[in-house]
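The structure appears below as structure tokens.
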Amino acid sequence: MISLYMDHHVPRAITEGLRLRGVDIITAYKDGAGEMDDSPLLDRAGELGRVLFTQDDDLLEEAVRRQREGISFMGWLETPPSRKR
């Protein structure tokens, strides 16, 4: 199973829902990295052997830059922000 590192942009309900389904999760907030910028946050997830889960679409630019420059990283998952009805 995949191990996730949850960005501070992800609502608690998503994090808790995934935990209830048995997903191994560490949050950036609990790790003391809640205020980190995108690049160091992606690095931190990799240091922990986890995939970054985010709703921050700015990370796409960072991921593309790293791919173009041959910089490895664990990966990231992005889900669009929730829309209130």
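Considering the chain at the alpha-carbon level, its Rg and Dmax are found to be 12.6, 41 Å. For residue 53, nonlocal amide neighbours, meaning residues 5 or more places apart or on other chains whose placed amide H falls under 5 Å from its own, are 5, 6, 7, 77.
Taking θ as phi - 60° and the Karplus parameters 6.51, -1.76 and 1.60, the scalar couplings of region 19-24 work out to 4, 4, 8, x, 6, 7 Hz in sequence order, x denoting glycine and proline. Name the long-range amide H neighbours of residue 74: under 5 Å, sequence gap of 5 or more, or other chain; modelled H, no Pro or chain starts. Residues meeting the amide H criterion: 46. Under the convention that each Lys and Arg Cβ holds +1 and each Asp and Glu Cβ holds -1, the size of the dipole of the chain around its Cα centre is about 520 debye.
Taking each DSSP H run with n ≥ 4 as -39500 (n - 2.57) and averaging over every residue of the chain yields -10000 deg cm²/dmol at 222 nm. Residues of region 53-71 with backbone nitrogen within less than 14 Å of a virtual label 7 Å along the Cα-to-Cβ line of residue 78, please, listed as ranges. Taking a point 7 Å out along Cα→Cβ of residue 78, the residues of region 53-71 whose backbone N falls under 14 Å are 53-67. Comparing 20, 48, 72 along the charge dipole axis of region 3-78, the residue lying farthest to the positive side is 20, per the Cβ-charge model.
Every number in this text was worked out from the coordinates using simple rules, so none of it is lab data. Just so you know, these numbers come straight off a predicted model, no measurement behind them. FYI the Cβ positions are ideal-geometry reconstructions off the backbone, even for glycines, and counts take in every protein chain you see.
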